[in-house]
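Data first, discussion second: the structure below is written as structure tokens.
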Amino acid sequence: MIGTNTLHAVPADIEPSKTLLRVRDLSASFSTPSGEVVSVERVSFDLHRGKTLGIVGESGSGKSVLGRTIMGLTGLSGNATVSGQILFDGVDFTNPDKKLRSEFLGSKIAMIFQDPLSSLNPVKLVGTHVTETLRQHDRSLSRRDAKEQAIGLLDKVRIPDPQRRFGQYPHELSGGMRQRVGIAIALACSPQLLVADEPTTALDVTVQKHVLDLLGAICEEQGMAMILVSHDLGVVAGRSDEVMVMYAGRIQEKAPASEFFVRQYHPYAYGLLASKPMLDSPAHAELLSITGRPPDPTDRFPGCRFAPRCQNARAICREQEPLLEPVSDAAPEHKAACFFPIDGLAVRTTVDNSQEGAP
Amino acid sequence: MAGTGKAHLKEKTDARLRVEDLVVEFQAKSGQRVHAVSGISFDILPGETVGIVGESGCGKSTVARAVMHLPQPTSGSVVLDNIDLTELSAEKLRESRVRMQLIFQDPIASLNPRRRVKDLVAEGVSIWNRGDDKARTESRVRELLESVGLDPDTIWNRYPYELSGGQCQRVSIARALMMRPELLICDEILSSLDVSVQSQMLNLLKRTKRELGLSLMFISHDLGVVKNISDRIIVMYLGKVAEVMDVEALDRETIHHPYTDLLLESVPKVTGERVFPGLPGEVQELPSPLNPPSGCRFRTRCPLATALCVEEEPQLEEKARGQFIACHNVASLSK
Ligand SMILES: Nc1ncnc2c1ncn2[C@@H]1O[C@H](COP(=O)(O)OP(=O)(O)O)[C@@H](O)[C@H]1O
Ligand SMILES: Nc1ncnc2c1ncn2[C@@H]1O[C@H](COP(=O)(O)OP(=O)(O)O)[C@@H](O)[C@H]1O
Ligand code: SF4
Ligand SMILES: [Mg+2]
Ligand SMILES: [Mg+2]
């Protein structure tokens with residue numbers, strides 16, 4: 001059932017009841033006329049059943065490619081190379097063949113995107129999108145039962161008047177409603193993992209909260225795991241068990257959310273937080289500026305990818321690649337890829353105190 | 001029909017911009033009227049930054065364009081430095097309009113793709129102030145590019161497509177400042193930028209404003225951004241003003257208009273503690289501006305709505321120092 005790639009046996013140390021997704025040294029690159037674009041580089045993490053992993057990083061950092069690679073979709077572009085390993089529930093899903101992919105997509109792993117309209121067919125009724133997904137996975141389902149289940153799903157994602165919405169076209173719905181339809185379709189076959197790529201980026205803050213509440217409640221109720229991708233730390237805050245910061249294709253910091261938002265070790269992760277204007281900060285707060293911009297993904301310079309923009313960089317940062325490792329013995333789960341990690345908590349406190357004294 | 005009140009307006013003579021009873025209506029394809037902006041009043045003092053927040057579709061961009069008379073508002077007055085723009089001839093209006101500059105969200109689309117950076121920035125001046133000689137124009141363009149954090153030598157001959165979004169936005173700002181405006185209107189100019197670029201732009205705008213004594217009208221749907229840059233904040237809802245406040249009042253503790261509260265509650269707290277709010281209630285979306293609710297426009301989504309709210313439109317009243325709220329029932333709120 002695995003096709004061309006080797007079936008990796010389930011390593012003995014995986015407790016099948018706990019780890020749903022195991023990613024090891026995953027890289028994804030594209031050959032382009034201007035050179036090899038390395039979008040994801042040696043990414044490793046585990047995701048446990050029912051847990052939410054938040055992935056943040058600026059645009060171009062490789063979040064979407066990582067999400068699509070986990071979905072087994074990156075290999076579909078002829079110019080892409082995927083290496084490393086993805087084990088989904090013990091099954092190698094690194095470069096799935098067509099059969100394995102269609103077996104898994106929808107029923108085990110599902111995805112929602114920033115723009116749900118791009119994945120909805122404009123000439124198909126909202127309801128048809130949902131019933132088709134349902135019947136694809138259960139061919140014995142009658143039309144009538146499919147319709148009933150679809151209306152149940154639309155109701156579940158809090159779409160008012162689901163009977164009427166069932167018979168509307170996607171363009172007749174607001175952005176928030178469409179995203180809910182996207183979620184209903186993703187949930188149709190009760191997947192174990194939902195990859196949500198910037199699901200609220202195009203939505204107003206009131207609708208964003210609604211959609212995030214909805215996703216959280218469904219994960220909890222169905223024991224579904226989620227990878228929540230956003231460029232906005234605010235979106236993953238409060239919604240993730242673990243947080244991963246990506247920069248230029250690499251994971252720079254990874255920690256339990258409760259740790260991460262208190263203290264960041266990587267200067268980039270700290271910078272992301274300190275440059276974000278926040279409602280809960282004082283008015284006119286001075287914001288940190290991270291000068292420069294992310295490196296060209298075809299430029300394979302040695303060392304840390306953040307070094308050209310980093311205030312703390314020294315010679316070693318331009319020579320060797322820092323590994324993602326625990327910074328303090330007290331918090332072994334809190335890892336950063338930096339030779340000179342900072343203590344984000346201490347830095348922030350100093351800055352706040354000096355600002356208070358200012359006129 | 002009453003507007004939403006003017007209790008929040010400052011002394012007429014103090015204001016750089018004073019907008020009163022502004023109404024903008026469009027003709028929809030169906031022939032119905034779109035009530036985009038329905039009688040709002042506000043003012044901006046010299047050197048002041050006024051932030052405008054509200055969900056998309058509430059009329060923020062329409063207000064910005066109406067202030068610029070692009071197009072002329074359906075009714076109401078727009079007074080810039082004690083000159084009522086609505087009464088000016090087309091020619092006089094064009095002169096006045098130069099003193100206000102509008103920058104849009106989409107940085108690349110708003111720049112002429114066939115012109116180089118140096119010409120884009122100099123453009124306005126070469127059209128309006130033909131008296132300025134070439135050398136002086138050039139040195140001013142350089143100065144402005146530097147002040148918005150761009151290296152003139154690198155960027156001088158580039159075209160917009162050769163620039164990143166953040167660089168385009170800087171060019172737009174330099175271009176606007178070239179006109180020596182008194183009022184800069186920024187419509188969601190940071191919304192498509194990454195946070196690191198966003199913070200650079202915010203710091204830049206704050207500094208430039210201070211140095212030039214500019215007045216700023218800053219439109220954004222992001223409450224964090226608005227709190228960072230504004231001195232006063234206007235909360236708009238469906239073509240009306242719901243609340244006006246000094247920036248210090250924009251927090252979760254202060255008593256607000258129920259709509260401001262809805263916005264504030266929706267903004268995530270950036271902490272690691274997980275929230276498990278359970279399944280949300282049914283969605284209530286912004287009603288259509290074709291047929292806005294009677295009385296208080298917020299009543300269809302308001303947890304405090306009473307019979308009075310259906311019948312009568314609430315007026316802006318000062319509920320705390322520097323804080324004006326248009327709500328019949330806000331006094332009954334306690335936190
Ligand atoms: N099909 C592709 N071909 C070439 N480069 C690509 C392709 N898809 C993505 N990239 C590049 O990979 C990098 C990461 O992109 P992406 O994952 O979309 O970033 P993010 O989602 O974090 O904004 C970018 O530099 C992007 O240009
Ligand atoms: N030229 C127009 N013709 C018809 N309706 C318009 C036009 N411009 C704006 N509108 C409508 O006016 C309302 C306010 O729009 P806008 O000012 O763009 O809101 P915001 O900037 O707050 O998102 C919306 O319902 C919008 O659809
Ligand atoms: S209580 Fe009434 S007046 Fe106040 S916001 Fe709600 S509906 Fe409007
Ligand atoms: Mg992306
Ligand atoms: Mg707008």
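The values are calculated or read from the model by the stated rules, or taken from the named source; none is laboratory data. Because the structure is a prediction, the values reported are computed rather than measured. Virtual Cβ from ideal backbone geometry, glycine too; neighbours counted across all protein chains shown.
Conditions tested, residue by residue: (1) of a type in the set (K, R); (2) under 22 Å from the mean Cα position of the chain (by Cα); (3) within 27 Å of A:V38 (Cβ to Cβ); (4) buried (at least 20 other Cβ atoms within 10 Å of the Cβ).
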{"residue": "A:M246", "(1), (2), (3), (4)": "no, yes, yes, yes"}
{"residue": "A:R250", "(1), (2), (3), (4)": "yes, yes, yes, yes"}
{"residue": "A:S275", "(1), (2), (3), (4)": "no, yes, yes, yes"}
{"residue": "A:R300", "(1), (2), (3), (4)": "yes, no, yes, no"}
{"residue": "A:F306", "(1), (2), (3), (4)": "no, yes, yes, yes"}
Exercise for the section: Mind listing whichever residues of segment B:35-58 are more than 14 Å from every other protein chain (Cβ to nearest Cβ) and either away from ligand 5 (no atom under 11 Å from the Cβ) or within 21 Å of B:G295 (Cα to Cα) (or both)? Expected result: B:H35, B:A36, B:V37, B:S38, B:G39, B:I40, B:S41, B:F42, B:D43, B:I44, B:L45, B:P46
Exercise for the section: For A:I109, indicate whether it is among the β-branched types (V, I, T), more than 14 Å from every other protein chain (Cβ to nearest Cβ) and closer than 26 Å to A:S240 by Cα. Expected result: yes
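Condition check: more than 20 Å from the chain's Cα centre (by Cα) and within 18 Å of A:P294 (Cα to Cα). Does B:E146 satisfy that? I'd like the intermediate steps shown before the answer.
On the way: more than 20 Å from the chain's Cα centre (by Cα): yes; within 18 Å of A:P294 (Cα to Cα): no.
No.
Show me the helices (runs of 4 or more DSSP H) entirely contained within segment A:206-325 in which 1 or more residues are more than 7 Å from chain B (Cβ to nearest Cβ) and touching a helix residue (DSSP H, G or I) at 6+ places or on another chain (Cβ under 9 Å).
Because the criterion is at least 1 residues that are more than 7 Å from chain B (Cβ to nearest Cβ) and touching a helix residue (DSSP H, G or I) at 6+ places or on another chain (Cβ under 9 Å), the helices (runs of 4 or more DSSP H) in segment A:206-325 that meet it are A:233-236, A:267-274.
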Problem - Residue check, A:I159 more than 19 Å from A:M71 (Cβ to Cβ) and out of contact with any Gly (no Cβ under 9 Å at 6 or more places or on another chain) - result: yes
Practice task
Check A:S27, A:S44, A:S39 and return the single one that is out of contact with any Lys or Arg (no Cβ under 7 Å at 6 or more places or on another chain) and of a type in the set (S, T, Y).
Solution key: A:S39
Exercise for the section: Scan segment B:225-249 residue by residue and report those that are facing chain A (nearest Cβ under 9 Å) and either part of a loop (DSSP other than H, G, I, E, B) or crowded, with 21+ Cβ neighbours inside 10 Å (or both). Expected result: B:V225, B:V226, B:K227, B:N228, B:I229, B:S230, B:D231, B:V247
Practice task
Check segment A:99-110 and report whether any residue there is modelled with pLDDT under 90 and within 16 Å of ligand 4 (Cβ to nearest atom).
Solution key: no
Handout entry: Selected residue (criterion: surrounded by the most Cβ atoms within 10 Å (Cβ to Cβ)) from residues of segment B:265-283 that are within 19 Å of A:K276 (Cα to Cα) and not β-branched (V, I, T)
Key = B:P268
Handout entry: Qualifying residue in segment A:83-98 (condition: at positive phi, surrounded by fewer than 19 Cβ atoms within 10 Å (Cβ to Cβ) and of a type in the set (K, R))
Key = no
Problem - Positions within segment A:150-174 being among the aromatic types (F, W, Y) and in a helix (DSSP H, G or I), in sequence order - result: A:F166
Completion exercise
Taking segment B:175-220 and keeping only residues that are small (G, A, S), buried (at least 23 other Cβ atoms within 10 Å of the Cβ) and under 25 Å from A:D296 (Cβ atoms), one is left with B:S196, B:S199
Completion exercise
Taking segment B:210-257 and the residues there that are basic (K, R) and within 15 Å of the chain's Cα centre (by Cα), the one that is nearest to B:R321 (Cα to Cα) would be B:R232
Practice task
Report yes if B:P287 is within 8 Å of ligand 3 (Cβ to nearest atom), over 24 Å from B:A7 (Cα atoms) and not acidic (D, E), otherwise no.
Solution key: no
Exercise for the section: Inspect segment A:57-76 for any residue being part of a strand (DSSP E or B), of a type in the set (A, V, I, L, M, F, W, C) and either surrounded by fewer than 23 Cβ atoms within 10 Å (Cβ to Cβ) or at pLDDT below 95 (or both) and give the result as yes or no. Expected result: no
Exercise for the section: Determine if segment A:185-195 includes at least one residue that is closer than 21 Å to B:E285 by Cβ, within 14 Å of chain B (Cβ to nearest Cβ) and modelled with pLDDT of 90 or more. Expected result: no
Fill in the blank from the handout: Scanning segment B:201-218 for residues that are within 14 Å of another protein chain (Cβ to nearest Cβ) and in contact with a strand residue (DSSP E or B) (Cβ under 6 Å, 6 or more places away or on another chain), the one modelled with the lowest pLDDT turns out to be B:K209
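When only residues in segment A:125-149 that are in a helix (DSSP H, G or I) and of a type in the set (D, E) count, which is surrounded by the most Cβ atoms within 10 Å (Cβ to Cβ)?
Filtering segment A:125-149 for residues that are in a helix (DSSP H, G or I) and of a type in the set (D, E), the one surrounded by the most Cβ atoms within 10 Å (Cβ to Cβ) comes out as A:E132.
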Practice task
With the condition kept exactly as written, say whether any residue in segment A:175-194 is out of contact with any His (no Cβ under 9 Å at 6 or more places or on another chain), at negative phi, crowded, with 21+ Cβ neighbours inside 10 Å and part of a strand (DSSP E or B).
Solution key: yes
Completion exercise
Of the residues in segment B:185-200 that are in contact (Cβ under 8 Å) with a residue 40 or more places away in the chain and acidic (D, E), the one that is farthest from the other protein chains (Cβ to nearest Cβ) is B:D187
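Filter segment B:156-174 down to the residues that are crowded, with 19+ Cβ neighbours inside 10 Å and more than 14 Å from chain A (Cβ to nearest Cβ), then identify the one that is nearest to ligand 2 (Cβ to nearest atom). I'd like the intermediate steps shown before the answer.
Going residue by residue through segment B:156-174, those that are crowded, with 19+ Cβ neighbours inside 10 Å are B:160, B:163, B:166-174.
Checking which are more than 14 Å from chain A (Cβ to nearest Cβ) leaves us with B:160, B:171-174.
Working: B:P160: 23, B:V171: 23, B:S172: 18, B:I173: 20, B:A174: 24 Å.
Applying the filter and picking the extreme gives B:S172.
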Handout entry: Those residues of segment B:131-152 which are crowded, with 16+ Cβ neighbours inside 10 Å and among the small types (G, A, S), in sequence order
Key = B:S147, B:G149
Problem - Counted residues, segment B:250-263 - those being in contact (Cβ under 8 Å) with a residue 40 or more places away in the chain and either at the interface with chain A (Cβ under 7 Å from one of its Cβ atoms) or in a loop (DSSP other than H, G, I, E, B) (or both) - result: 6
Practice task
Give segment B:269-303 a look and list any residue that's closer than 18 Å to A:V211 by Cβ and touching a residue at least 12 places away in the same chain (Cβ under 8 Å), or say none.
Solution key: B:Q284, B:L286, B:R301
